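K.L.:
For reference, the structure I am asking about is given below.
The values are calculated or read from the model by the stated rules, or taken from the named source; none is laboratory data. All values derive from a computational prediction rather than experimental measurement. With ideal geometry, Cβ positions are generated from the backbone for all residues, glycine too; neighbour counts draw on all protein chains shown. With ligands, DNA and RNA removed, areas are computed over all heavy atoms of the protein, side chains included. Shrake-Rupley method; radii C 1.70, N 1.55, O 1.52, S 1.80 Å.
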Amino acid sequence: MKEVDRRRFMKIAGSSLGIGVLYSAMPSARAKGEAGAFFGELGKKNGEAVTPFTFLQLSDAHVGFDGPPDPLGTKAFERAVEMVNALPQRPDLVLFTGDLTHDTEDKDTHANRMRRFLEISKRMNVPLVKYVPGEHDAGLDAGQMYREFLGESYYSFDHRGVHFIALDNVSRAKPEVGPDQLAWLKKDLARFDKSAPIIVFTHRPLFDLKPEWEWFTSDGDDVMNVLAPYQNVTVLYGHIHRDDEHAVDHVHHYAARSLIFAFPDPEKTAAKKPFPFDKDAPFKNLGIRLVHENFAGKPLVNTVSVQDVELTTREFMGINGINQILRNPSL
Amino acid sequence: MRPKALKIILSALLMITLLGIIITHQVSAEAPRVIEITAKRFAFTPNQITLKKGEPVILRLKSEDVTHGFFMRKLKIDETIEPGKTLDVAVTPDTAGTYTTICDHFCGVNHGSMNMTISVVE
Ligand SMILES: [Cu+2]
């Protein structure tokens, strides 16, 4: 497939919908026939066949934060959980890309925020939930408390033939993954064919999105160089509290919205200041993301499509908005 | 000691002192301007400085508490400021503009809002 063609596979819904982000991994109608053989082949290599699936990305809940610009605290997060549970099709898994909690220098309070986060997160009726830390989770103690609750901060796993890699770019003082993790990444990737579908999820962007706002990873180029030989790589991240899509060579980077407050477009604003709270639309610009992996088995083809869904209110619960998702043709 | 010898020694001393003053003065006239910047959780003081395009300056960085970062990609500044040390950073900006410079070494709960502005004028 040519460069131009793969753009057509990118289906990013407008920002008018509702909650977070859903991704899906399935062969598109057009690619199904050709893809079949490839899925089988890849299944032999990964020990698991690639089959279509949809998953979710949630990000930046900042449990414990309740000041301006979001006096509602965990309400948006809880609403997101409601909306996830109301999805017509249960997603395979949820990736949570950091800033689960908001930081505080009182360790007990921070641990309580983590417990509260998990309590809400576990209400999700989803078989698998995976996490990476954000700097608000891990900055103060180099990730120690995070690891006590959730285990290693970087790791990988395979799901239906797709290789998922969790990267931690927040546990060191600088915004970086560091040499140990880079070495681990090289080793982790070694067993994969260059055409294997790979989804990386992390907190900060792995490219220079807006260094002046600390929207970058200082050794992000090193990470991307390790990933460069792989032809089907997608990066999902959070941190910037707004949805964003960015392509570098054949790799697509997607940022998810937050569940607490939103930042404006850095190209149109001088100061890093969140949007103020709007009591008539308390969840404006907050959301979840549906992700579809439309894996076609072709090199250099971006087969992941994302759909950002804005949170709806309806007294913070119910199924309002889900019908909108159902009506969306890109799902 | 005879008064004449004393006179010679004194005038020699005076000459050396004067020469010293002249030399020191010349050196400082050519040396770049030094601007002191102090980092303390979660602010830089001053939080705005103005430089002239093409003018070499020394930014003299200090921390009053913990380790901080001092980072501005476009000015090629990427420093770590450790407490108890003074760090001189030579900068000659070549493009006018407003440069938000951040602490990029995690320093606590409001680390994310620790920044200052370097304005570069023509
Ligand atoms: Cu700092």
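K.L.:
Quick one: order A:235, B:66 from most to least accessible surface, probe 1.4 Å.
P.N.:
On the way: A:235 0, B:66 60 Å².
So, going from the largest accessible area down, we get B:66, A:235.
K.L.:
Continuing with this model, one more query. For the pairs A:210/A:272; A:273/B:85; A:210/A:268; A:186/B:74; A:75/A:122; A:107/A:210, note any where the Cα-Cα span goes beyond 22 Å. Present the calculation step by step, with values, prior to reporting the outcome.
P.N.:
On the way: A:210/A:272 10 Å; A:273/B:85 32 Å; A:210/A:268 12 Å; A:186/B:74 30 Å; A:75/A:122 15 Å; A:107/A:210 31 Å.
Among A:210/A:272; A:273/B:85; A:210/A:268; A:186/B:74; A:75/A:122; A:107/A:210, the Cα-Cα distance tops 22 Å for A:273/B:85; A:186/B:74; A:107/A:210.
K.L.:
Here's something else I'd like to know. So if we plug the beta-carbon distance of residue B:86 and residue A:158 into 1/(1 + (r/R0)^6) with R0 = 56 Å, what FRET efficiency do we get, rounded to 0.05?
P.N.:
On the way: r = 51 Å, r/R0 = 0.92.
For residue B:86 and residue A:158, the calculated efficiency is 0.60.
K.L.:
How high is the FRET efficiency between residue A:123 and residue B:30 when r is their beta carbon distance and R₀ equals 56 Å, given to the nearest 0.05? If you can, show how the numbers build up before the last one.
P.N.:
Details: r = 69 Å, r/R0 = 1.22.
Result of the calculation: an efficiency of 0.25.
K.L.:
Shape verdict for segment A:213-272, please, from the Cα gyration tensor: rounded (a/c under 1.5), prolate (a/b greater than b/c) or oblate. Write out the running numbers ahead of the final one.
P.N.:
Details: a/c = 2.37, a/b = 1.91, b/c = 1.25.
Because a/c hits 1.5 or more and a/b exceeds b/c, segment A:213-272 counts as prolate.
K.L.:
For the modelled label position 7 Å from the Cα of residue B:38 along Cα-to-Cβ, which residues of segment B:70-103 have backbone nitrogen atoms closer than 19 Å?
P.N.:
Correct set: B:70, B:81-89, B:103.
K.L.:
Label 7 Å along Cα→Cβ of residue B:48; segment B:73-98 residues with amide nitrogen under 17 Å?
P.N.:
Output list for this probe position: B:97-98.
K.L.:
On to the next question. Work out how much length residue A:267 to residue A:280 would gain on full extension: take 0.36 nm times their residue separation and subtract the Cα-Cα distance, in nm to one decimal.
P.N.:
Numbers: separation 13, 0.36 × 13 = 4.68 nm, distance 2.65 nm.
Taking residue A:267 through residue A:280 to full extension adds about 2.0 nm, to one decimal.
K.L.:
Would you rank B:45, A:234 by solvent-accessible area, highest first, keeping every protein chain in place and using a 1.4 Å probe?
P.N.:
Values: B:45 95, A:234 0 Å².
Ranking B:45, A:234 by accessible area, largest first, yields B:45, A:234.
K.L.:
To continue, here is another question. Name the residues of segment B:73-93, by number, that are at least 30 Å² less accessible with every protein chain in place than in the isolated chain; the surface is that of heavy atoms, probe 1.4 Å, without ligands or nucleic acids.
P.N.:
B:73
K.L.:
Leaving out ligands, DNA and RNA, calculate the buried accessible area for the pair A and B with a 1.4 Å probe, summed over both sides, in Å² to the nearest 100.
P.N.:
Working: alone 13900 and 8200 Å², together 20670 Å².
Using a 1.4 Å probe, the pair buries roughly 1400 Å².
K.L.:
Quick one: net charge of residue A:122's neighbours, Cβ under 13 Å, K/R +1, D/E -1? Intermediate results must be reported in sequence, preceding the final value.
P.N.:
Working: positive: A:115, A:116, A:123; negative: A:78, A:119.
So the surrounding residues net to +1.
K.L.:
On to the next question. Going highest first, how would you order B:110-119, A:236-245, B:47-56 by mean Cβ packing within 10 Å?
P.N.:
Details: B:110-119: 18.6, A:236-245: 23.6, B:47-56: 13.6.
Answer by packing, highest mean first, reads A:236-245, B:110-119, B:47-56.
K.L.:
Accessible area, 1.4 Å probe, largest first: how do A:128, A:182 sort? Let's see the in-between values first.
P.N.:
Values: A:128 55, A:182 25 Å².
Heavy-atom accessible area, descending, gives A:128, A:182.
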